[in-house]
Every structure is written in C-alpha cells, then in structure tokens.
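First the structure, in the form of structure tokens, and then the observations on it.
The values are calculated or read from the model by the stated rules, or taken from the named source; none is laboratory data. In this text, all values refer to a predicted model and were calculated from it rather than measured experimentally. With ideal geometry, Cβ positions are generated from the backbone for all residues, glycine too; neighbour counts draw on all protein chains shown. Side chains included, ligands, DNA and RNA excluded: accessible areas come from the protein's heavy atoms. Shrake-Rupley method; radii C 1.70, N 1.55, O 1.52, S 1.80 Å.
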Amino acid sequence: MTWSRPSISANHGPPEQTRTPRLKGKARKEAKKGTASSSARILSADASSAGSKNFVVNSSELLPLANAIVASKKPVEVPADIIRAGLRAVSARKRSAAFFRKGTDDEDEETAADNRRHSYFISLMEKVLSALQPCFAVSAGTDSTEVILSDDILESLENRFSSLEVEEPVEPKTGPAPRNEQPTYELQAPQKNDKDEEKLFAIFCLFDDLARLRSFVLDLWEQYKQRKIDLITASVTTNTAFQLAIKAQDEILVNFPASADYQDVLGILIAKWARMQKSPFEAGAEGEVEIDDDLAHWVYAPTHSLLDSFCDVLDPKFVPLMKRGHFGVYDPLADRSKMDGVEQNKEDLIVLMELLPEFCFISKYNIHMFATDELTRGLGQMVLTKNIPIWLVFATAVFLDVHHILREKVELGFQELQARTSVAKSQLDRYFELSRGLRKPDTWPKDNEKVFEQISDEMSKFILTDVVFPFKATQYKSFRQPAPDESERFYLYKRHPILCGIQAFAVLLEIQQAGITLNNAVGTVIYPAHFYNALKQNDPSCASWPMIDEVIALHGAERIFVGGRPTTMNECFKHICLMLGYSPAQFAKNRRNPKAVASKNGPRGLKETSPITKLFYRGLRKANGKMEITMHSVEELLNEQARDADLASNPTSKRLRREW
C-alpha cells in the first residue's frame with residue numbers, strides 16, 4: 001500500500017499559493033495546532049500498523065520531515081553517507097544552475113521560470129541540511145549540537161565531513177527478523193517537464209565530472225613530462241579515469257536509456273542552449289545552431305566531429321591508407337599556446353587522422369597485444385560498429401591533450417616500454433640459462449616452465465617487435481603501393497604513451513608474479529634469507545649480503561620470517577619449519593606425539609608487495625580483460641589490509657608466536 005497526496009504538485013518548484021479564508025478564534029487555534037503536529041504524525045505512525053509500507057513524499061514535505069526528526073523525543077543520528085550525498089547534490093545543482101544561467105535572457109519568462117524552480121529546490125535542500133544539523137553534529141566529531149548560525153553553513157558542513165573517517169559496516173545480526181519494519185519514504189516521481197529537467201541535470205553532471213577528470217589527468221602528464229612521476233603511474237591513472245567515465249555514462253543510461261549516443265545528448269544540450277538564446281530549435285531536429293566555443297569544447301564537439309568524419313570513410317573490407325602529410329605536417333616544437341582555435345583544431349586533425357588507421361589494423365585483423373588500454377579497445381570497437389559513445393569522445397580528447405603536453409617528448413613512453421621489456425626479457429633468459437639441466441623439485445610443475453617461456457615469447461613478439469607492421473605491409477602490397485618506410489615501425493607505440501604505460505605495467509606485473517611463484521615453489525629467496533639470518537645470529541661479524549638485505553626490507557621480516565626476525569639458533573630452526581608448512585603445535589611444550597604436525601594453511605610464501613597489484617592483474621593479461629576496480633574488490637582489499645594490520649599490531653598474537 002502506498003500513501004500519497006495526489007493534490008500536491010510533483011515538481012521541484014515552490015508550491016502554488018492559494019488564497020484561503022482567514023480563520024478566527026478557536027478555529028484558528030485548532031488549525032495552527034493541527035499544522036504543527038502534521039509532520040510529527042508522519043514519523044510517529046504506529047510501526048505495527050505500518051508494516052512494510054512505502055510512503056511517497058512530495059518535495060514540499062521534506063523540510064517539515066526534517067524538522068520533525070530534529071524535534072523527535074528519541075535522539076536520531078543522521079548517517080554521514082546521507083549528509084555527504086546531500087552536500088554533493090547541492091554542490092552539483094549549484095554548478096548546474098550557474099552553468100545554464102550563462103547566456104540566459106532575463107526577459108525570457110519560460111527560462112527564468114525554470115531557473116527559479118531549480119533555485120527553489122537548491123534552497124530547499126540547503127534548508128533541509130541546515131535543519132538536520134543538530135542530528136549529525138555528534139557524528140561529525142563535534143561536542144555541541146548547537147546549530148551554526150552563519151551564512152556559510154554549507155561550507156562549514158563540507159569542511160567537517162570532508163575528513164570524516166568512514167566507519168566499518170557492522171555485520172547484520174543473525175536470527176529471526178523483527179516483526180515490525182520501519183516504513184520507507186520515497187520522493188514523489190517528477191512529472192514529464194521535470195523529467196526533462198532532471199535528464200538535462202544528469203547530462204550536466206556527466207560532462208562536469210568528465211571535465212574534472214580531464215583536469216586531474218592532464219596535471220599528471222605535466223608531472224610526467226617534468227619526470228616527477230613515472231610512465232606507469234600516469235598511464236594506469238589515466239586508464240582508470242577512462243573506466244570511471246564509462247561507469248558515469250552507464251549510470252545515466254540506467255535512468256535515461258535514450259541518451260546512449262553522443263549525438264542524442266548533444267541534441268538535448270543544443271536545444272536547451274538554443275531556447276536560452278531564443279533560437280527555434282528542438283531536440284532531434286535538423287539544423288544549425290551557433291554555440292559558444294567554450295561550450296563546444298566542454299562537450300568535446302570538435303573531437304567528436306573528427307571521429308565522426310573518420311567513421312564516414314570507413315570500409316568494412318579495408319583499412320584506410322592515410323598518406324603522411326595529407327592534412328599538413330605536425331610540428332612538435334611549435335608553441336600551441338600561441339595558436340588560435342583554427343590552428344589548434346588543425347593540429348588535432350593531423351595527429352588523429354594519421355593515427356586512427358593504426359587502430360583499424362588492430363581491430364580488423366584482430367591483432368593480439370600484450371595488454372590494452374581502454375582507449376585502444378574503445379577505438380577498435382568504434383571502427384567495427386561506427387558507434388561513438390560519450391566516454392570515447394572524452395578519452396580521445398584526453399589522448400590529444402596528452403600528445404600536445406608531451407609534444408617532442410611523446411616518444412618517451414615508447415622508449416621506457418622498450419627498456420623495461422628488454423630488462424625483463426634478459427632476466428627470464430638468464431633464468432633459463434642458469435636452470436638448464438638442473439633437476440627441478442616436485443613443487444615446480446613443468447607447466448610453470450612453459451608459462452615462463454610463453455611470457456618471454458610474447459614480450460619478443462608483441463612489444464619488442466612491431467606487431468602491426470606486417471599487416472600494414474600486406475595492405476600496402478594489396479593496393480600496389482610501395483612498401484611502408486621503416487619510419488612506420490612502431491608508429492602507434494611512438495605516439496601512444498598511454499598504451500605504452502599499460503604494457504609496461506603488464507610486464508612489471510608478469511615478472512613480479514613469475515618471481516613470487518618461483519620463490520614459493522623453489523625457495524630461491526626464502527631459503528637464502530633464513531640461512532643468511534642464521535649466520536648473522538651465530539656470528540655478527542659475518543659479511544653483509546646487500547641483495548638479501550634489500551629483499552627482507554622490501555617484503556618485510558614479518559612475511560619472510562613468519563612473525564619477525566629470529567634472534568637465536570633455536571628460533572631460526574623453528575621459523576624455517578613454520579615457513580615450510582609445520583604447525584606451531586609442533587613446538588608446543590610437553591608435547592607427547594612425536595609425529596610432525598602440518599599447518600592447515602600449508603607452507604608460507606611471499607606475496608605481492610603492492611596491495612593493489614592483484615586488482616589490476618586479474619583482468620590485464622586476460623583476453624579482452626580490463627583493469628576494472630569494482631566496489632567489491634576494493635572492499636575485499638581494505639578488509640584484508642585491516643586484518644593484516646590488526647595482526648601486526650596485536651601484542652597477544654606476537655607473544656603467542658614466541659611461546660612454543
């Protein structure tokens with residue numbers, strides 16, 4: 001059963017004022033008393049009769065509900081998540097109102113009415129948060145529940161909750177469910193006109209988020225150019241930003257499925273802009289509307305135009321051959337800041353049109369790559385489907401920005417990838433040489449050796465060799481064109497630092513995984529570390545072993561020595577036994593059974609030194625895999641880190657390890 005009031009408007013605007021007869025005497029007193037208690041009756045409904053009811057609440061009732069919560073006799077604590085959501089909503093709607101207020105004609109009554117309605121809802125949300133403040137002052141860490149009487153209350157609230165620690169969620173108690181459930185309140189669904197406004201607001205939030213992501217990513221590449229951060233950090237962060245853009249777009253599609261295509265979204269924005277400019281243009285209609293350059297770049301219209309033009313010339317059977325210099329020559333030493341808009345657009349045209357055919361080769365010939373970033377994967381899909389989603393336009397614009405930031409240093413990414421891969425390949429080759437002819441232990445399956453050989457093979461075929469060049473030569477030959485010049489080798493890699501960084505990260509992860517797997521099976525690090533520590537404890541004058549000291553510092557004595565570095569020869573023996581898989585019960589005092597006791601957890605080994613490694617490795621090296629960080633995977637990581645921190649800081653746990 002749903003409780004609602006059909007007589008109340010469902011829009012976000014202020015309720016209509018209707019003139020009613022003025023009450024006098026006892027009637028006026030009773031009416032005033034009834035109004036004061038109406039909101040309290042909403043919250044004080046009998047739970048037994050409420051059951052699992054859902055109440056539909058109009059926006060005009062939000063403030064009375066907030067006042068009723070504050071005036072409740074039982075203390076009510078508003079969760080921090082609700083406060084943060086409210087503050088974010090107010091902040092986003094303020095930015096949206098300020099954005100669409102630009103260029104608005106004050107004489108346009110319809111647009112002015114829309115602005116007033118939006119401003120009213122923002123003001124209402126501010127009043128609700130201000131009214132609820134006494135209920136969350138304690139949650140925010142303040143000792144007083146006194147309402148802050150200042151004009152900048154929202155800024156004060158944002159400052160207080162920006163550094164608030166997120167508490168661990170409490171596990172639900174097991175047992176029979178309570179008889180009475182608390183009723184839930186939902187905001188009444190908006191009418192058609194308000195749905196259009198909400199859709200426009202959702203689109204604004206999407207592009208506003210993309211603009212913030214873009215600014216953050218470009219700052220990273222500026223730092224990379226100055227060698228303050230490395231290639232992997234910049235590339236992995238950029239790729240994660242692309243994934244966030246995909247998620248942001250998908251969230252809008254859940255509520256507004258018609259906004260899947262960039263052209264549809266652009267039409268909605270243009271229609272709104274045209275209405276503000278009093279231009280006769282409707283969403284979905286054909287025609288031209290003159291828009292501001294800042295708005296065009298804010299919605300990535302120039303970048304979409306380039307991608308759309310390229311899709312127009314695509315042939316499903318062939319890859320378009322782009323003659324170098326056909327659109328002009330790109331000068332990496334030129335100062336882009338001194339160029340006008342036309343010259344900057346021409347630079348984008350040259351860079352993108354000469355590079356897009358490379359993605360066609362990868363997609364149409366299904367070329368396998370060592371690892372792939374989201375932009376490369378997205379452009380490959382665009383080539384096959386000619387569909388241009390919003391996130392792909394954003395990612396392409398970021399790619400062009402990165403290219404213009406690095407300019408003459410754009411090949412640094414390729415050089416770093418080649419250097420890292422060459423070192424990794426030489427490490428594997430050295431292992432193959434040293435282990436040739438040696439008898440492997442039973443803990444080292446033959447399949448592991450084949451995996452090592454496969455990794456080395458893929459590094460040679462897909463990174464140290466240009467995998468695209470042979471297909472390019474075949475295409476040139478089929479069109480009876482001269483063979484491609486040697487400058488065409490690694491053409492994509494030399495101009496795609498994001499892809500180079502992702503592949504360098506994949507190489508790093510593979511070598512790390514290979515080393516940990518080899519050590520846990522053969523003991524190439526653990527055994528020498530225990531032996532070295534025993535020698536040092538027996539004879540402190542023993543010479544240092546810098547490489548083992550570095551390994552111990554990197555992985556930690558807690559992991560390598562199972563609980564800490566042993567200080568006596570007896571403890572050294574017990575620790576190596578624990579590492580090999582013996583149970584601590586093996587060394588219990590007054591133990592009668594002489595048989596060995598194995599640990600349920602098996603032998604102890606090394607783990608990844610970076611806790612986020614496993615999040616990326618799961619999808620990075622799989623076919624069509626993605627480095628996707630989900631909420632579930634992050635929660636798993638944080639829970640594991642919390643457990644490890646509790647064990648490391650628990651003196652009782654450490655003491656039990658010593659009392660064998």
Check your understanding: Does residue 550 satisfy the criteria of being closer than 22 Å to residue 434 by Cβ, of a type outside the set (A, V, I, L, M, F, W, C) and exposed (fewer than 14 other Cβ atoms within 10 Å of the Cβ)?
Key -> yes
Exercise for review: For residue 519, indicate whether it is open to solvent by less than 30 Å² (accessible area, probe 1.4 Å) and polar (S, T, N, Q).
Suggested key: yes
**Study point:** Qualifying positions in segment 555-609 - open to solvent by less than 50 Å² (accessible area, probe 1.4 Å), under 19 Å from residue 536 (Cβ atoms) and of a type in the set (Phe, Trp, Tyr)
**Key:** 561
Review point. Among the residues of segment 403-437, how many are of a type in the set (Asp, Glu) and open to solvent by 80 Å² or more (accessible area, probe 1.4 Å)?
Key: 2
Check your understanding: Can you tell me how many residues in segment 369-388 are open to solvent by 20 Å² or more (accessible area, probe 1.4 Å) and either under 18 Å from the mean Cα position of the chain (by Cα) or modelled with pLDDT under 90 (or both)?
Key -> 2
Check your understanding: Filtering segment 438-487 down to residues that are in a loop (DSSP other than H, G, I, E, B) and of a type in the set (Ser, Thr, Tyr), which residue is least open to solvent (accessible area, probe 1.4 Å)?
Key -> 465
Practice item. Would you check which residues across segment 67-99 are of a type outside the set (Asp, Glu) and either part of a loop (DSSP other than H, G, I, E, B) or at pLDDT below 65 (or both) and list them? Key: 71, 72, 73, 74, 75, 76, 78, 79
Check your understanding: Does segment 196-214 include one or more residues that are under 20 Å from residue 410 (Cα atoms) and either part of a helix (DSSP H, G or I) or modelled with pLDDT of 55 or more (or both)?
Key -> yes
